[in-house]
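Undergrad: Before I ask anything, here is the structure I am working with.
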Amino acid sequence: MFGTLASRELETARLSRDLGLSCGGFEDLGMRMEGENMVPHRGEGEGEQVTETEPFQQTQRFVVGYALTSKKKKSFLQPKLETLARRKGIYFVAIDLNRPLSEQGPFDVVLHKLLGKEWQDIIEDYQQNHPEVTVLDPPGEIQRIHNRQSMLQGLADLNLSDCSGSIFVPKQMVVLKDSASSADKVVEAGLKFPLVAKPLWIDGTAKSHQLFLAYDRFSLAELDPPIVLQEFVNHGGVLFKVFVVGDTIKVVRRLSLPNISNCEKGKVDGVFKFPRVSSAAASADNAELDPSVAELPPKPFLEALVKELRSLLGLRLFNIDMIREHGSNNVFYVIDINYFPGYAKMPDYEQVFVDFFHNMAQDKRRCK
Ligand SMILES: Nc1ncnc2c1ncn2[C@@H]1O[C@H](COP(=O)(O)OP(=O)(O)O)[C@@H](O)[C@H]1O
Ligand SMILES: [Mg+2]
């Protein structure tokens, strides 16, 4: 699609230069900031040993069966989490994918993040036959956010109980085929360049996270549908990752793409490959940034937003990527939602999850 490898690298280099980034991500920006209301970032307590000092008093076990890829298991199920959980009588047990699920357990919770229709059918069938088990989360709802169009549907219509901020999604349209002829539709729909082109489906591959920036209508022909074309929103180079675990919300700041000036919009044309942003982005906690850009979203606003999102999405374990429109008074855009994200990057995630499961266990016992 973009010619030879060499020309592709050149494109990446051009994008990097134009956007002021290093090809490897954002590490080279070299900005530092001390924020007063920062959430401590990962690293605090890292490597910290949790030892079994308290006598183990638990009589009832709460069993969390998990079906995770080995990568997810490694990042999420760290020794500190397992130790803290065990103290509360919470045990993590691997689900054997080679055996029928109903022959395993009994489980109180099934925690899963596996792709594919086959797994979706297994887990739906299991939930029907075992309504007493909490499946985190329903596969149909997870599937909805694997499509970048349905992912953001309904968000702009949320009725928030807090007015300290407002929420939007960037104007976007889907191109299913023939991106060359989409140019007229883009203009008709009133979308303004530059546009971020994102693969429509998120399927766990690196390709589904490879984004492009298209500066002009002619460059659209170079893109591979199915894609979503989304207006680029200037946000001062800072992104907020809002992690949700049930009722708990934690926010971390990440460095993101810098603003694109009007002058640049007028001068530049073509399509540019994004560097791998989501995985490579650095924490913004120590960067020297304009406080109006770096200030965290107001807490009551986030609480109201997440409350609505939990019910709209029907999910309990997710995160949202949110940006503040540059120069605005807390006008936010949600640009991405992920199911069961990399929680190891969320401050204090071990304790948050232990509390989450512990509360579930208590609710279950009360019901009984
Ligand atoms: N509409 C947009 N406006 C400005 N920046 C964006 C927009 N969409 C994405 N980005 C930038 O690209 C990054 C990756 O986009 P995202 O939609 O989160 O895809 P991914 O699935 O790769 O995480 C974001 O973290 C942000 O830096
Ligand atoms: Mg993202």
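Undergrad: Answer yes or no as to whether residue 135 is near ligand 1 (Cβ under 10 Å from one of its atoms), touching a helix residue (DSSP H, G or I) at 6+ places or on another chain (Cβ under 6 Å) and modelled with pLDDT of 95 or more. Explain how you work it out, then say what you get.
TA: On the way: near ligand 1 (Cβ under 10 Å from one of its atoms): no; touching a helix residue (DSSP H, G or I) at 6+ places or on another chain (Cβ under 6 Å): yes; modelled with pLDDT of 95 or more: yes.
Judged against the criteria, residue 135 is not a match.
Undergrad: Further, regarding this structure: Do any helices (runs of 4 or more DSSP H) entirely within the stretch 233-344 hold 1 or more residues that are near ligand 1 (Cβ under 10 Å from one of its atoms), among the polar types (S, T, N, Q) and within 28 Å of residue 199 (Cβ to Cβ), and if so, which? Even if it seems obvious, please write down each step before you answer.
TA: Values: elements: 262-267, 277-280, 291-294, 299-313.
Of the helices (runs of 4 or more DSSP H) lying wholly inside the stretch 233-344, those with at least 1 residues that are near ligand 1 (Cβ under 10 Å from one of its atoms), among the polar types (S, T, N, Q) and within 28 Å of residue 199 (Cβ to Cβ) span 277-280.
Undergrad: If only one of 252, 271 is within 13 Å of ligand 2 (Cβ to nearest atom), buried (at least 19 other Cβ atoms within 10 Å of the Cβ) and not aromatic (Phe, Trp, Tyr), which one is it? So that I can check it myself, show each step before the final result.
TA: Values: 271 fails: within 13 Å of ligand 2 (Cβ to nearest atom).
Just one listed residue meets the conditions, 252.
Undergrad: Still on this model: Given the conditions (1) farther than 20 Å from residue 158 by Cα; (2) within 16 Å of ligand 2 (Cβ to nearest atom), report the number of the one that residue 359 does not fulfil.
TA: (2)
Undergrad: Write out, first by first residue and then by second, each pair whose Cβ atoms fall under 8 Å of each other, whose residues are 6+ apart or on separate chains, and whose first residue, in the stretch 156-181, is farther than 13 Å from residue 301 by Cβ while the second is polar (S, T, N, Q).
TA: Within 8 Å, the pairs are 170/230; 171/230; 172/149; 172/230; 173/182; 174/149; 175/182.
Undergrad: Still on this structure, please answer the following. Inside the stretch 212-230, can you point out the residues that are buried (at least 19 other Cβ atoms within 10 Å of the Cβ) and either near ligand 1 (Cβ under 9 Å from one of its atoms) or of a type in the set (A, V, I, L, M) (or both)?
TA: Result: 213, 214, 220, 223, 227, 228, 229, 230.
Undergrad: So, one more: Of the conditions (1) assigned to a helix (DSSP H, G or I); (2) crowded, with 17+ Cβ neighbours inside 10 Å; (3) within 16 Å of ligand 2 (Cβ to nearest atom); (4) not acidic (Asp, Glu), residue 208 fails just one. Which one is it?
TA: (2)
Undergrad: What single numbered condition from (1) more than 12 Å from ligand 1 (Cβ to nearest atom); (2) modelled with pLDDT of 95 or more; (3) not in a strand (DSSP E or B) fails to hold for residue 177?
TA: Status for residue 177: all satisfied but (2).
Undergrad: Right, next: Any idea which residue in the stretch 239-249 is farthest from residue 334 (Cα to Cα), counting only those that are of a type outside the set (Lys, Arg) and within 13 Å of ligand 2 (Cβ to nearest atom)?
TA: Here the residue is 243.
The values are calculated or read from the model by the stated rules, or taken from the named source; none is laboratory data. Since the structure is predicted, the reported quantities are computational estimates derived from the model, not experimental observations. Don't worry about glycine lacking a Cβ; one is built from the backbone with ideal geometry, like all the others, and counts go over all protein chains shown.
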